[in-house]
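Here the structure is laid out as structure tokens; the discussion comes afterwards.
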Amino acid sequence: MSAVAPAAAMPAPLPAAERSSGLPLVVLLLLPIVLVNAFGFLAPVFNLLRMSFYESQATGAMVEVYTFATWASVLRDSFYAELILNSILVSLGITLMTLVCSYPIALYLHRSSGTWRTILLVLVISPLLTSAVVRTYGWVAILSENGLVNNALGAIGIAPLKLMFNKTGVVIGLTEILMPYMILALLAGFGRLDPRVEEAASTLGAPPWKVFRHIVVPLTMPGIALGSLLCFVLAVSSFITPKLLGGGRVFLLATEIYDQAIVTLNWPLAATLSILVLVIFGGALVLYTRALRAIM
């Protein structure tokens, strides 16, 4: 006689009431964040989009008459095309400079341990406890014509450099201000970096520069992508530092939005430029998503 093995016991299906009870729970869990995004982000963006189609008068008044005149003037005027391109290029340059300055610090922090790591991490985070306005004025004192840098250059017989009221000052100031964000983003993306892989490559005879190029950099690409996205977005939307260090001579999207909204009171034009900034943010996010998929 052959014994037939009993069939594996299958779990009994959940009653319909229990299966459907999970849906309201999911809705309740998602409801707070949906409301926050709806009222804190989507509603203001929709209001900006609607405002961009209003008509602006010379007196600064805004008439709720829908027109494409503002969008047409922005898309046809070469000044705004140059403004957008200049903002993107300056922000990319700032992002690159921030990455180059922050990567060695983040890598050293990642490899540190104990009390020394804690002290270094506090030093990295401490600039975030100071307002960007205060830090920018600090750079004004350093980069001005009679500032610390030019006084030091004059003491050794070098002519003073033009470090303010141009793109140089804006890039220097924003690079320092954004470095803590880049370092923290890099540290968050260094999870795949295993020191044992570096040790194996060194044991097999790879020189340090090859280990860095072929192992360290590829494994830390998620952190590089995350930090670059964060710093690019912050650089494009930065206003205080370009306004103070640029002295009104560096035209970027954020400073132009402020001038149109506060100085000339052309709110439809300011709203239109704000929507274009959001489009740039969306494009950067799409590129980041594709780069992350390629990396992973």
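Hey, among the residues in the range 154-199 that are of a type in the set (Lys, Arg) and out of contact with any Leu (no Cβ under 6 Å at 6 or more places or on another chain), which one's farthest from THR95 (Cα to Cα)? Please lay out each step first, then the result.
Kept after step one, since they are of a type in the set (Lys, Arg), are these residues of the range 154-199: 162, 167, 192, 196.
Among the residues that remain, those that are also out of contact with any Leu (no Cβ under 6 Å at 6 or more places or on another chain) are: 162, 167, 196.
Numbers: LYS162: 22, LYS167: 14, ARG196: 30 Å.
Step by step, filter the range 154-199, then rank; the result is ARG196.
Going by the conditions given, is PRO218 over 27 Å from MET51 (Cβ atoms), over 15 Å from the mean Cα position of the chain (by Cα) and surrounded by fewer than 22 Cβ atoms within 10 Å (Cβ to Cβ)? Steps first, please.
Working: over 27 Å from MET51 (Cβ atoms): yes; over 15 Å from the mean Cα position of the chain (by Cα): yes; surrounded by fewer than 22 Cβ atoms within 10 Å (Cβ to Cβ): yes.
It is true that PRO218 is over 27 Å from MET51 (Cβ atoms), over 15 Å from the mean Cα position of the chain (by Cα) and surrounded by fewer than 22 Cβ atoms within 10 Å (Cβ to Cβ).
With respect to (1) assigned to a loop (DSSP other than H, G, I, E, B); (2) among the small types (Gly, Ala, Ser); (3) modelled with pLDDT of 90 or more, the lone exception for SER102 is condition (1).
Here the range 156-204 is the region considered, the condition is being in contact (Cβ under 8 Å) with a residue 40 or more places away in the chain and assigned to a loop (DSSP other than H, G, I, E, B), and the residue that is surrounded by the fewest Cβ atoms within 10 Å (Cβ to Cβ) is ASN166.
If only one of GLY189, GLY223 is in contact with a Gly (Cβ under 7 Å, 6 or more places away or on another chain) and modelled with pLDDT under 85, which one is it?
On the way: GLY223 fails: modelled with pLDDT under 85.
Sole residue among the options that is in contact with a Gly (Cβ under 7 Å, 6 or more places away or on another chain) and modelled with pLDDT under 85: GLY189.
The set of residues in the range 262-274 that are of a type in the set (A, V, I, L, M, F, W, C) and surrounded by fewer than 17 Cβ atoms within 10 Å (Cβ to Cβ) comprises ILE262, VAL263, LEU265.
Confirm whether ALA294 is part of a helix (DSSP H, G or I) and surrounded by fewer than 16 Cβ atoms within 10 Å (Cβ to Cβ).
Numbers: part of a helix (DSSP H, G or I): yes; surrounded by fewer than 16 Cβ atoms within 10 Å (Cβ to Cβ): yes.
Here the answer is yes, as ALA294 does meet what is asked.
Applying the criterion of at least 3 residues that are surrounded by 10 or more Cβ atoms within 10 Å (Cβ to Cβ) and at pLDDT below 85 to the helices (runs of 4 or more DSSP H) found wholly in the range 1-93 leaves 16-37.
For the range 126-155, what are the residues that are of a type outside the set (A, V, I, L, M) and either loosely packed, with under 11 Cβ neighbours inside 10 Å or in a helix (DSSP H, G or I) (or both)? Break it down into steps so the answer makes sense when it comes.
So the first thing to find is which residues in the range 126-155 are of a type outside the set (A, V, I, L, M), and the list is 126-127, 130-131, 135-139, 144-147, 150-151, 154.
Residues satisfying the conditions are SER126, PRO127, SER131, ARG135, THR136, TYR137, GLY138, TRP139, ASN146, ASN150, ASN151, GLY154.
Taking every residue in the range 225-247 that is at positive phi and pairing it with any residue that is modelled with pLDDT of 90 or more and part of a helix (DSSP H, G or I), at least 6 positions away or on another chain, the pairs with Cβ-Cβ distances below 9 Å are GLY247/GLY169.
Given the structure, is ILE105 surrounded by fewer than 14 Cβ atoms within 10 Å (Cβ to Cβ) and either more than 22 Å from LEU287 (Cα to Cα) or touching a residue at least 12 places away in the same chain (Cβ under 8 Å) (or both)? Let's see the steps before the verdict.
Values: surrounded by fewer than 14 Cβ atoms within 10 Å (Cβ to Cβ): no; either more than 22 Å from LEU287 (Cα to Cα) or touching a residue at least 12 places away in the same chain (Cβ under 8 Å) (or both): yes.
No, not satisfied.
The values are calculated or read from the model by the stated rules, or taken from the named source; none is laboratory data. This one's a predicted model, so the numbers in the text were calculated from it and none came from an experiment. So basically every Cβ, Gly included, is an ideal-geometry build from the backbone, and we count neighbours across all protein chains shown.
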